[in-house]
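Below: one structure, written as structure tokens.
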Amino acid sequence: MTGQAIAMSATADRPADDRAARLGTLFDSHHQRLYRLARRLSRSAEDARDLVQDTFLRAARHASSVPEGASHEEAWLVRVLINLARDRWRQLAVRQRSATTLIHDSGDPSDTESSLLARSIVWQALDRLPPRRRAILVFYEIEGLAIPAIARLLGLAAVTVRWHLSIGRRELAAAVNGQFGKKGGMNHD
Amino acid sequence: MTDVGRLLREGDPLKTEAPQGIEGLSPAEAQVMRREMLDALSQPVPLVPIWQRPITVGALALLMMAVSALAGHRSSPSGPDFASSDVGSGGSSGSVDCRQLQFSTPGGTRIIWIFDEKLRLQESMP
């Protein structure tokens, strides 16, 4: 009880201007990086903007729970964003459980078409992954983060990150190979 | 092996949406977002009614499961019914040298096991 009372009074004592300044700095330091992550976790730029907005709104409403220090702040924001993405992904998954993936199936595609198709398939498959696994793939494959850095950012063990990475890659490869297999065994080795 | 990493990098939506190399929010979008965040700071946090809080809901669900499990356990007629008693060997000294364990199976058969003083099974009925 004493601990709670002290924490509450510390928050209340912090001047509003001070908190606004800290949040402003937090936003300025992290919004672009968060948007990039959100965009790669969302289907559209609009969804990504909503995710970033909701993440910072949560930071504003729970300012006292944002840890001090750039790397801790970043990890906190990334985890909030992934949790929000997960909530949305679950809602979407319930709505779209019976929906089927539409893939163009007309004629033999040229090389350009097939590589466009492969990219489209792999991003559609990424869309179906749970947000945390998706985030791990994005961090590793697109942002080029090392496994220990991803583990620190998400608060996971390195072995868990490696496991998600391996499963995620396998799922994406299966999606690509499955679709091209149906269309006549195109090889994307 | 399909190079999913290459496909992911090539299909990165940030590249296609920001061909000029400006990957991210525009300054105008960022300003709007920043303002909304700072406005939220001055607004009171909306209170969630206690029955909508996940911890409350979880605790209630656990409590209901515990109560129903307890009620089910108490009213269950199918469990074996145990009873044990001491049986005197003949009553000369009054000391207890035999023990009896009686129970009934779910089917209704009553079983009696009689043990000696070293808890070795002497007799089983039926």
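The values are calculated or read from the model by the stated rules, or taken from the named source; none is laboratory data. Quick caveat: nothing in here was measured; it's all calculated off a predicted structure. FYI the Cβ positions are ideal-geometry reconstructions off the backbone, even for glycines, and counts take in every protein chain you see.
Criterion first (surrounded by 10 or more Cβ atoms within 10 Å (Cβ to Cβ) and either more than 9 Å from chain A (Cβ to nearest Cβ) or modelled with pLDDT of 85 or more (or both)) does residue B:10 satisfy it?
Yes.
List the residue pairs whose Cβ atoms are under 8 Å apart, where the first residue sits in the range B:29-41 and is closer than 11 Å to residue A:56 by Cα, the second is among the small types (Gly, Ala, Ser) and modelled with pLDDT under 90, and the two are 6 or more positions apart or on different chains.
Pairs found: B:38/A:20; B:41/A:16; B:41/A:20; B:41/A:63.
Residues that are crowded, with 20+ Cβ neighbours inside 10 Å and more than 13 Å from the chain's Cα centre (by Cα), at least 3 per element: which helices (runs of 4 or more DSSP H) completely within the range A:111-154 meet that?
Correct list: A:111-128.
List the residue pairs whose Cβ atoms are under 6 Å apart, where the first residue sits in the range A:31-53 and is facing chain B (nearest Cβ under 8 Å) and touching a residue at least 60 places away in the same chain (Cβ under 8 Å), the second is assigned to a helix (DSSP H, G or I) and among the β-branched types (Val, Ile, Thr), and the two are 6 or more positions apart or on different chains.
A:40/A:138
Within the set of pairs 6+ apart or on separate chains, which have a first residue in the range A:107-120 that is under 19 Å from residue A:178 (Cβ atoms) and within 12 Å of chain B (Cβ to nearest Cβ), a second that is at pLDDT 80 or above and surrounded by 15 or more Cβ atoms within 10 Å (Cβ to Cβ), and C-beta atoms under 6 Å apart?
As it stands, the answer is A:118/A:176; A:118/B:7; A:119/B:7; A:119/B:10; A:119/B:11, since those pairs meet every condition given.
Write out, first by first residue and then by second, each pair whose Cβ atoms fall under 8 Å of each other, whose residues are 6+ apart or on separate chains, and whose first residue, in the range A:59-80, is within 14 Å of another protein chain (Cβ to nearest Cβ) and within 21 Å of residue B:35 (Cα to Cα) while the second is part of a helix (DSSP H, G or I) and β-branched (Val, Ile, Thr).
As it stands, the answer is A:59/A:80; A:63/A:11; A:64/A:11; A:77/A:55; A:80/A:55, since those pairs meet every condition given.
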